[in-house]
Every structure is written in structure tokens, then in C-alpha cells.
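The values are calculated or read from the model by the stated rules, or taken from the named source; none is laboratory data. What you see is a predicted model, and the numbers here were worked out from it, not measured in a lab. Note: ideal-geometry Cβ built from the backbone for every residue, glycine included; neighbour counts use all protein chains shown. Note: accessible area is taken over every heavy atom of the protein model, side chains too, but ligands, DNA and RNA are not part of it. Shrake-Rupley method; radii C 1.70, N 1.55, O 1.52, S 1.80 Å.
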Amino acid sequence: MTTPHILPSTLLLSAASLCLASCHNAGDDLSFAHQGDTLTVVHVGREARFVLLPVQENQPEAQVMLGDVPMDVRLAVDKVDYTVPFPLRDGADSLVVRGLAANAVAWQQMALADTFDVANRETFRPLYHHTPAYGWMNDANGLVYKDGEYHLYFQYNPYGSVWGNMHWGHSVSRDLVHWQHLPAAIERDTMGHIFSGSCVVDSKNSASTGKDNIIAFYTSHRNTTPGHQRQQQCMAYSSDNGRTFTKYEGNPIVTPFDGLENFRDPKVFWYAPEEKWVMIVSADKNMRFYESHDLKQWAYMSEWGEGYGPQPNQFECPDFIQLPVDGDEQNQKWVMIVNINPGFVSGGSGTMYFTGDFDGHRFTPDTAPNVTKWLDWGKDHYATVCYSNTPGRTIAMPWMSNWQYANLTPSNGQFRSANALPRELKLYTAADGQLLLSAAPVAELEALRGEAQQVGDFTLGEKKVNAVGKDGAFELVFTIRPSDKGRSGVEIYNEKGEKTLVYFDAEKQRVVMDRAESGIIDFGKGVQPHQLETDASKRACVDGLIHFVNDFAHATCAPVEKKAEGHEVRIFADRSSIELFVDGGRVAMTNLVFPTKPYDRLRFFSDGEAHVENATIYTIKL
């Protein structure tokens, strides 16, 4: 990911030290002392929780400071897209703004407030997927289960709907379905942005901060000279069940021994055979392993990964899990989850994995470097990591976007991006002998099922169903025995003819999701929409490759094993996304869609004779 230039933490200014060029007031609440177009002191006239900052997304970043940590905010110059709340500490009587002209519209629209309205006004905000209350979100961080709560921390910018100001945002759930938003748990500081990482429950009090405290590990990121950066691993601990964290006074705890600049996203887990903690850090195109007994002092052990997977790629957000093969607890394998950008088979960001053995010091994969296994075959499944402290289950949570267009997806400015549905991972042996991961929707999601509309059993041809779900949110399940020729599947569409197709391709033995005519598609780079190829067979998968319309508007595909009994299909639609799971998650495919009216119709189709059984549509019960 790219990061903005960070101002030096030594920028501490007071009104008394300034030779002011101009001053003006915004009522009795705020007054502004301008020093040309480079510096403004904002005087706060009464106690309040927030200053509401007007944002214009296409403007350069200005810096807003309360204390010694600058926040990058795209303050409005000539129009206001939306506002964001900037918290004021008790007793704060001023803040400093750098880089905004004295005649900018932001000064007229800035205001004090004690509340901030987070009511949903977004056309494309999902109904049952996790999203931030407002602001930007990317990678899931620090996933941990404790005392009946699933903690979802995430990369968070509270000061805009594009990337920046990385904090750890925070939401909690008791069922992985319904989420409560909480204040940001770890804020950007003088060491830099708070990048991705992991959490553990310190049941042994290894860190001597308190038994059963939640310990967070994260990357502090800071730009140094232009074009260069420093990334170091840090820790913090929480004694209030993850609500607030105290940063360890000895940070950083791990630095790259060779000055490596891409060195981030620590994953920490307990390795019982040697009674020690292990940390994995993504190190450019490798993973580095470290060990510790106190979670503070770490020793380097080994490195793995150079040359593995498609090239070129950047390793990010590792996870390392041990799973039974085909449910056999006596036969277990380690799985290295690697998120790469770029390098995905359909372009941009994706999640791959490798199976193998781990002796406590070194990972040895089962496959050659050029063998790539994808956890999800859609364009919008990235930064996938797993919950810790969930014995007997391995639950993964992806970010639902792609760095090719993540900052550009349609938004009214209240929020941008969501998490994909949580999935339970299992390791199985495929027909060709490969060890593969399945990723099935967690069982808790069945609690969302409302009214069931029975579509039943039928032979294709074609069958249409209208009045599907509400607001484009529904679950569709069926079993299909595809035709032996051509395409067999379902078209999900609206009255305007915007559509997403999901079908089995008999000739190539794969399943395809085609979103090239799904709605708003013209924000991806590449060929423009007026050049759209209307023949789906040409824009889908040609000889194993993708025919691109642009970065967003095209089809994704995955290989499927032929099954005489047919394939079990589950499709989750939620306003701006479609997630496909085939045969219990042996194929998963996650894609964003932006229809200008909600999808509310289905058309089952086939080029030959195909059979559908037990087709059922579930409305969503929130």
C-alpha cells in the first residue's frame, strides 16, 4: 500500500509565536488565525467533543494537529463532500492546521459538535456485512475471541473515506453476524501509522502485564526520506477486554536486521511443543520467523518464501494455522496463508496458501514454488487472517476489496469498504491428491435466514423468479447438475437489466462469475465501458486467462471437479457484493457489484439440459 508523507513530530506551534496575517471568526465557537496559506491556529471557544471537519476527497491532504501527532485530512477547498468528527481532548482550546489556504470553504463550514450522526445514507452500504460506522476501512487486524466476544480490529481512517491515518478501528460481536462499533482501539502516534497485526490472549502472563490480557502486535510505519519508509513491530496490551490498549514502553520489539523497508503485519501464535511464542513477519517477498518466551524479546529463526507463487508479488498479512487433513486429528498439516499484491490470477490483490510442515523453527512446503493455491477466486478477497483463541475452529475474515480500485469504489463519503463474510477453513484431499483449503460460510450465518421462498426442482431451459429478497440482500441455495455442454447457471439482475451471472462452464470445467454488466463499472482503470465486449464467452475465461474489460468489469473463474451428483451452491447477495460458495466452500468467489437499483430477480438458464434441485431463496432477517 502507498502512504502519504508524514510531518515531523516536532511541529509544535502556539498562537503567541505566530506573526498572524489574518483572523476571522465562525460565531463564538471557533476562530481562525491564518499565517498566509501555510498555517492556521483554530481557537476553540467552548467545550465540545468534536470539531466537524469538512472533507473534499479530490484535494491534497492538509495536516490537522492536536498535540504532536498530525492527521492527514483532505479538507474542503471549494466544495464539501462530507464531514468527519475530529475528537477534542478535555480542556483543548486550540488545534493547528497546516497546508490549507485561508480562502478555503472548510473554514466557513467547520463547526463544534457533541454528537456525530452515523445514520446510514449510503446506497451501497451492505445490510449484513461488517462495515465501519464511518470512514475508511481495509485489512482486518488482531482477530481474537475472548469471554464470548469476537473482536474485529481493522485498518481504519476516521478522517476520510480513502486510505490514510491508519488506526486500529474496533467492532465486537457475539455471533459473527451482528456487530457493535466501538471507539478506535489503537491510534496513530509519533512512531507513525498503526499498520496490520494480530492479537493473542496471554493466558500464561508471558508478558507480565496481567493474566489473560489481550496482547496486540502491530507494525509502526513511518515515511522517512522521499520514497523510503521505516517499518517496525510493536506491542500493546489491554486489561479491559480489548477496549483500550497501553503501548509497551520498550517499543519497537522487532526491527529488520538488514534495513528492509517492507517489513510488516506480525502474526503471533503459541507453539506448544516448545512452549514458546512464534511471530511471522512479512518481509518483502518472504516470511520471517521469530521466537520468544516473554512476547517482548524476539530472536530470529528462519525465512521462507522467495520465488513462491506468481511473480511479481509482495507478501502481506501472513497467517499460519495447523489443521487436520480430512478431519483426521492424527494427521495434521500447517497452512501458510499469504496475501499478495499484485499477483492475483485476475489482477491485483489475492489470497494464496501453501501446505507443509513446521518443526518449530522452519516451514517446509509440500509443493514446488510455481504451484499456487487460491483461497478465493474472486477479485475482492484480500488481507485474509484468522481468529485466535477459537479451539476446534479456524475462522477467517477477509477484507472485501482490491487495491486496484479500493479508493475509487462508489461511495457517498460516509464509509468505504466492508469485510466479506466470515468463513470456516478446513483442509481436504482433492480428487487429484492435492491438499486444499475449503472456506465455507460460518454456521452462525444461518441465523440471518428469514422467509424462505421455495423455487423447487426443475429442468433447464430457462426459469425466471421475480421479487427476490429486499434491498438486494438475500441468500440463494440450490443443487445443480450442469449441462454437458455450454453454460448452466443463474443470472442475478434488476429491472434495468444490470446483471451478474454465475454459471458452470462444461467445456472448461469451471465456475464463472461475470460482473461486466453488473451496474456501475467505469471506475476501474483500463478499457472504457463503451468498449465493453457483449459476448460473455469472450470476456470470461479464455484458455485459463481472464479477458479484461477494465480492472473491475470482467469475469472471474475457478476450476471445479466434475460431480455426477451435481454441485451444491450457496450465493449471498448484499447490495454491493455477491459471494459464491460451491460444494461446502471447496470453491469460494467474492466480488463487489454496484447495481444502480437493487437486484431483485433471478433467471436460471442453460445451453443444454441441466437439473436444479431444492432451490430456495432466503430473505435476510436482521
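Evaluate region 320-331: report whether one residue or more is under 24 Å from residue 425 (Cα atoms) and modelled with pLDDT under 95. If you could, list the steps in order and put the result at the bottom.
First pass over region 320-331, keeping only residues under 24 Å from residue 425 (Cα atoms): 320-331.
After this cut, where a residue has to be modelled with pLDDT under 95 as well, the list is none.
So far as region 320-331 goes, no, none of its residues is under 24 Å from residue 425 (Cα atoms) and modelled with pLDDT under 95.
Looking at (1) modelled with pLDDT of 95 or more; (2) surrounded by fewer than 17 Cβ atoms within 10 Å (Cβ to Cβ), find the lone condition where residue 234 falls short.
(2)
Within region 41-79, restricting attention to residues that are buried (at least 20 other Cβ atoms within 10 Å of the Cβ) and among the charged types (D, E, K, R), which residue is farthest from residue 106 (Cα to Cα)?
The residue in question is 72.
Keeping to region 168-194, report how many residues are in a loop (DSSP other than H, G, I, E, B) and either under 13 Å from residue 243 (Cβ atoms) or not aromatic (Phe, Trp, Tyr) (or both). Full working, then the answer.
Just the residues of region 168-194 that are in a loop (DSSP other than H, G, I, E, B), to begin with: 174-179, 187-188, 190-191.
When the remaining residues are screened for being either under 13 Å from residue 243 (Cβ atoms) or not aromatic (Phe, Trp, Tyr) (or both), the result is 174-178, 187-188, 190-191.
Counting residues in region 168-194 that are in a loop (DSSP other than H, G, I, E, B) and either under 13 Å from residue 243 (Cβ atoms) or not aromatic (Phe, Trp, Tyr) (or both) gives 9.
Of a type in the set (Val, Ile, Thr), within 21 Å of residue 177 (Cα to Cα), in contact (Cβ under 8 Å) with a residue 40 or more places away in the chain and in contact with a strand residue (DSSP E or B) (Cβ under 8 Å, 6 or more places away or on another chain) - does that describe any residue in region 352-370? Spell out the reasoning first.
Narrowing region 352-370 to residues of a type in the set (Val, Ile, Thr): 355, 364, 367.
Going one step further and asking which of them are within 21 Å of residue 177 (Cα to Cα), we end up with none.
Looking for residues that are of a type in the set (Val, Ile, Thr), within 21 Å of residue 177 (Cα to Cα), in contact (Cβ under 8 Å) with a residue 40 or more places away in the chain and in contact with a strand residue (DSSP E or B) (Cβ under 8 Å, 6 or more places away or on another chain), one finds none in region 352-370, hence no.
So residue 25 ticks every box in (1) open to solvent by 40 Å² or more (accessible area, probe 1.4 Å); (2) outside any strand (DSSP E or B); (3) over 22 Å from residue 181 (Cβ atoms); (4) modelled with pLDDT under 95 but one. Which box is left unticked?
The one condition residue 25 does not meet is (2).
Condition check: in a loop (DSSP other than H, G, I, E, B) and at pLDDT below 95. Does residue 508 satisfy that? First the steps, then the outcome.
Numbers: in a loop (DSSP other than H, G, I, E, B): yes; at pLDDT below 95: yes.
For residue 508, the condition - in a loop (DSSP other than H, G, I, E, B) and at pLDDT below 95 - is met.
Going by the conditions given, is residue 143 surrounded by 21 or more Cβ atoms within 10 Å (Cβ to Cβ) and of a type in the set (A, V, I, L, M, F, W, C)?
Values: surrounded by 21 or more Cβ atoms within 10 Å (Cβ to Cβ): yes; of a type in the set (A, V, I, L, M, F, W, C): yes.
Yes, satisfied.
Kindly indicate whether any position in region 539-550 is at pLDDT 95 or above, under 17 Å from residue 380 (Cβ atoms) and under 25 Å from the mean Cα position of the chain (by Cα). Steps first, answer last, please.
As a first pass, look at region 539-550 and keep what is at pLDDT 95 or above: none.
Checking region 539-550: not a single residue is at pLDDT 95 or above, under 17 Å from residue 380 (Cβ atoms) and under 25 Å from the mean Cα position of the chain (by Cα).
Could you pull out the residue among 201, 281 that is at pLDDT 95 or above, more than 22 Å from the chain's Cα centre (by Cα) and open to solvent by less than 40 Å² (accessible area, probe 1.4 Å)? Before you say what the answer is, go through the steps one by one.
Details: 281 fails: more than 22 Å from the chain's Cα centre (by Cα).
Being at pLDDT 95 or above, more than 22 Å from the chain's Cα centre (by Cα) and open to solvent by less than 40 Å² (accessible area, probe 1.4 Å) holds for just one of 201, 281, which is 201.
Just checking, which of 226, 183 is surrounded by fewer than 24 Cβ atoms within 10 Å (Cβ to Cβ), over 23 Å from residue 395 (Cβ atoms) and modelled with pLDDT under 95? Explain how you work it out, then say what you get.
Working: 183 fails: modelled with pLDDT under 95.
Selected residue: 226, the only one of 226, 183 that is surrounded by fewer than 24 Cβ atoms within 10 Å (Cβ to Cβ), over 23 Å from residue 395 (Cβ atoms) and modelled with pLDDT under 95.
So how many residues does region 187-243 have that are hydroxyl-bearing (Ser, Thr, Tyr), under 21 Å from residue 70 (Cα atoms) and in contact with a Pro (Cβ under 9 Å, 6 or more places away or on another chain)?
Here is the first cut: in region 187-243, the ones hydroxyl-bearing (Ser, Thr, Tyr) are 190, 196, 198, 203, 206, 208-209, 218-220, 224-225, 237-239.
Then drop every residue that is not under 21 Å from residue 70 (Cα atoms), which leaves 190, 196, 218-220, 224-225.
Applying the additional criterion that residues be in contact with a Pro (Cβ under 9 Å, 6 or more places away or on another chain) yields 196, 218-220.
Qualifying residue count for the region: 4.
Within region 343-350, is even one residue assigned to a strand (DSSP E or B), surrounded by fewer than 24 Cβ atoms within 10 Å (Cβ to Cβ) and at pLDDT 95 or above?
no
Looking only at region 112-163, count how many residues are in a strand (DSSP E or B) and free of Cβ contacts under 8 Å to residues at least 24 places away in the same chain. Talk me through it step by step, then tell me what you get.
Kept after step one, since they are in a strand (DSSP E or B), are these residues of region 112-163: 112-113, 135-146, 149-157.
Next, from what is left, pick out any that are free of Cβ contacts under 8 Å to residues at least 24 places away in the same chain: 157.
The total comes to 1.
Could you figure out which of (1) surrounded by 14 or more Cβ atoms within 10 Å (Cβ to Cβ); (2) at pLDDT 95 or above isn't true of residue 273?
Exception for residue 273: condition (1).
Which one is most open to solvent (accessible area, probe 1.4 Å), of the residues in region 287-303 that are hydrophobic (A, V, I, L, M, F, W, C) and not in a loop (DSSP other than H, G, I, E, B)? Explain how you work it out, then say what you get.
Going residue by residue through region 287-303, those that are hydrophobic (A, V, I, L, M, F, W, C) are 287, 289, 295, 298-299, 301.
Imposing the further condition that a residue be not in a loop (DSSP other than H, G, I, E, B) reduces the set to 287, 289, 299, 301.
Details: 287: 0, 289: 0, 299: 47, 301: 29 Å².
Among those that are hydrophobic (A, V, I, L, M, F, W, C) and not in a loop (DSSP other than H, G, I, E, B), it is 299.
Can you give me the number of residues within region 325-342 that are in contact (Cβ under 8 Å) with a residue 40 or more places away in the chain and either within 15 Å of the chain's Cα centre (by Cα) or part of a strand (DSSP E or B) (or both)?
The number of residues fulfilling the criteria is 8.
In region 467-478, which residues are part of a strand (DSSP E or B) and open to solvent by less than 30 Å² (accessible area, probe 1.4 Å)?
Initially, region 467-478 is screened for residues part of a strand (DSSP E or B), giving 470, 473-478.
Residues satisfying the conditions are 473, 474, 475, 476, 477, 478.
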